[in-house]
Structure formats: C-alpha cells, structure tokens
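Computed from the coordinates by the stated procedures, all read-outs in this text should not be read as laboratory data. Everything numeric in this text was worked out from a predicted model, so none of it was measured. For neighbour counting, all protein chains shown are included, and Cβ atoms are generated from backbone atoms with ideal geometry for every residue, glycine included.
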C-alpha cells in the first residue's frame, strides 16, 4: 500500500531493509516533457477509448524515423506493444507452430523461455551454448545446429544480453543473421538494452526480411510501469496481418496514455538517455569491485559491455545459487538473481541500474562482505552460522532509492 510519503519499502525475504540488485530496472523516471504530456492528456476523453491496434500513428511514425536514423533499419513496419515481453509473446504466437523448435542461448532471459513454454513449446527449446569465459554466444555451435536436417525455426539473441551484460560485435550479429538466412530460420533480436553500451562500443542492428527486432521504452526512458515496447519488421508475406491478430486478441491496443509518454520520450531523444546512463557508470564499477572475491572480468565475471548486468560464477562448493541468494538476503540484506533462473545453476546476476549511487555503494559493500565470507568459510559453514546483524544504511539515504 502506498502512503502520502510514497510506496512502502520492498518486502524481501521477510525483511524490509534489503537493498535489491535483482530486478532489471533503472532508478530514473521518464523525461519531464513526457510526463507533462501525460498530465495534460489524462482527462482527455480520447485516451480512455480504444486506439489503433498497432499503435498511435504519431508514435509509429516517430519510431520509424528513429529506426532509420539510429538503428539503420529503414523501411520497417512498427507495432507498438504493452512492453517488450508482450512484443516477444506476439512473435511466438505468430511464428511458431506445435513442434517448431527455437534456440535460446544459455543463460537465457527467463521470460523468453516462459513465453515459449506457455504457448506449448516447452519440449521444443534448444539450449544454445555460450563461451564459458566471454559468455558470447558460440556461433560455431549455432552453425552446426542450423546445418542439421530440419533445423530450428527460430533463433533468439538478446543484445546487449540479459542476463550476462555482454554486447555482440557487428561481425557476430552479421554472422548470426547469415547463418539464420542460410538455414531458413527466423532471427529474433531483442534490443531492449540498445542504449546501454559502454567504453566506446556500439550497438548494431541488421535489416533483413528474416529478422524481427524487439525494442523497449522501459529501461532507457525509465518507463517500466508504463508498459510500452515495439516490434520492427519488414512486412513480407502478410506478416503484419498475422501479428495484428495476436495483438487484437491480447491487449486490443496498447494503452494510449502510455503511448503519449513514449512519444514524449522519443522527442527527448538519445541525448537525454545518455545523460541518465552516465549516472550508473560508477555503480557498474562499484559492483565489479564487490564481485572481486569471485574473480575479475573475463575470469569468473562477465558483463560490463552492455545492458545493466554483471554475471558471476560462484566458488567451488557454493554452487547452490538459490541457497546463496537466500543467504545473502537473510544475512547481508542484499538481493540478487540466481543463475538457475536463467538456466545456468552456479552463477548469479547482479543489476547495477536500479539504485542511485549512494544506495548502490551501500549495496555493493554488503555484497562484498557477503561474498568474502562465503569464499573464506564455505557454503556449509555460512548456512549453519547464527544470523548476524548488518550496518543498516541511514534512512535518509534509503529514501533516495527507487
């Protein structure tokens, strides 16, 4: 329940003082011009009515221009959806028939797996291999898999990657696209974290009839609760009509007020997003340091290339990632995502964009203390030890977290 002072504290693992490095969200809210637009329109009768199934014309037109200028995707059609997860579900329902196989690289984004499972394809997921050091998809493995008789119908790549935080190079994207084209497979590129790239790297998209692109407003523009994403595709062979059948069946249309906030976000543009992303660079560095008891980048730790995640291997004897995460919540009041949620037991995912810098510093300190204890004492010892206390972060600092 919300109060006049704001939402109640998060209730995690039976306590309210936990700092979360788990959920993939950002600490900022949408651009002020976008919120002002929503405020002006909230009482407008038209926003309470159904809108166009594929999205407001003003928004789809703005997105087509953005795709052409920022993503090198000219001549693409756009479908606005209630978040990127719904965009992916639209694809699964439209493109996959019973028995069709789909490749998800491990570790995968768990909602992609669930979308396939819920639509009857639980036994048809082919778990792709990643390099165990870099965590980039193993494209040699992909080539071999797609060269088999009756290859999978669809390949899914998240770039930059949730959960590993790696970014595919231009060469990797182009090779994956060519392999899928040669095999007659669809390539789904989830570009949710397109804006989150670091150290001079570049996010790369390819335009081709067999590629469908997924985009999101949730992360870059702080619009998690407004639920707006979109698909970009070349409308060949009636693909758009088939996608619209799914869209009309599930949401009918994306929420109009949210779409106007998205339109304001497009107008604020990439420069606004870049300013926000600058605020999490220090967070990333803090958490790489906090994970140092487990290794360093390229040796036990991956990420830092893109997205808002770091990926780390737990020490030998402590591979029960769910038990480790539960213990960190209970004993050190910091929360992570266990790797088993992404198909990779023995690892953890750490998010670095959901807390403002001062609170993230406290979360990083708690995480480092926990990992140092885990590495020095071992899993059996820490699980048997009596519960201890933590130095609670001051209330005025906690108040800055979202």
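Per DSSP H run of at least 4 residues, take -39500 (n - 2.57); add these up for the chain, divide by its residues and hand me the 222 nm value, nearest 500 deg cm²/dmol. Intermediate values should be presented prior to the final figure.
Working: 13 runs with 151 residues, N = 402.
After summing the helix terms and dividing by residue count, I get -11500 deg cm²/dmol.
What translational diffusion coefficient, to the nearest whole µm²/s, does segment 275-385 have by Stokes-Einstein, given a Kirkwood radius computed over alpha-carbon pairs, a temperature of 20 °C and 1.002 mPa s viscosity?
On the way: Rh = 13.9 Å.
Here the translational diffusion coefficient equals 154 µm²/s.
Just to be sure I understand: with springs between alpha-carbon atoms less than 10 Å apart, which residue in 165, 339, 378 has the highest mean-square fluctuation in the Gaussian network model of the chain?
378
Given points 7 Å out from each Cα along the Cα-Cβ axis, report the residue 178 to residue 381 separation in nanometres with one decimal.
That separation, rounded to one decimal, is 5.3 nm.
At R0 = 35 Å, how high is the FRET efficiency between residue 202 and residue 43 if r is their beta carbon distance? Nearest 0.05 is fine.
Working: r = 43 Å, r/R0 = 1.22.
E between residue 202 and residue 43, to the nearest 0.05, is 0.25.
How long are the semi-axes of the ellipsoid equivalent to segment 32-269, from square roots of 5 times the Cα gyration tensor eigenvalues, in whole Å, largest first?
In descending order the semi-axes read 30, 20, 15 Å.
Under a plain spin-label model, where a point goes 7 Å from the Cα along Cα-to-Cβ, how far apart in nm are residue 117 and residue 248?
Result: 3.2 nm between the two label points.
Extending each Cα 7 Å along its Cβ direction at residue 17 and residue 358, get the distance between those two points in nm, one decimal.
The two pseudo-label positions are separated by 1.8 nm.
Which of the peptides 46-53, 295-302, 85-92 is most tightly packed, and how do the rest follow, judged by the mean count of other Cβ atoms within 10 Å per residue? The partial results should precede the final answer.
Numbers: 46-53: 12.6, 295-302: 16.1, 85-92: 23.8.
Ranked by mean Cβ neighbours within 10 Å, highest first: 85-92, 295-302, 46-53.
By its C-alpha gyration tensor, with a ≥ b ≥ c as the square roots of the eigenvalues, how is segment 219-296 shaped: rounded for a/c under 1.5, else prolate for a/b larger than b/c, else oblate?
On the way: a/c = 2.77, a/b = 1.95, b/c = 1.42.
In terms of gyration-tensor shape, prolate.
State the antiparallel share, in %, of DSSP beta bridges confined to segment 32-269, rounding to the nearest 5. Mind showing how you got there, number by number?
Numbers: 10 of 26 bridges.
If I count the DSSP bridges inside segment 32-269, around 40 percent turn out antiparallel.
Would you mind telling me the antiparallel percentage of the DSSP bridges in the chain, rounded to 5?
Values: 24 of 44 bridges.
Here the antiparallel bridges make up roughly 55 percent for the chain.
Using the Kirkwood formula over every pair of different C-alpha atoms, what hydrodynamic radius in Å results for segment 137-192? Can you show the working numbers first?
Values: mean 1/r = 0.0866 Å⁻¹.
Taking every pair of different Cα atoms in segment 137-192, averaging 1/r and inverting gives 11.5 Å.
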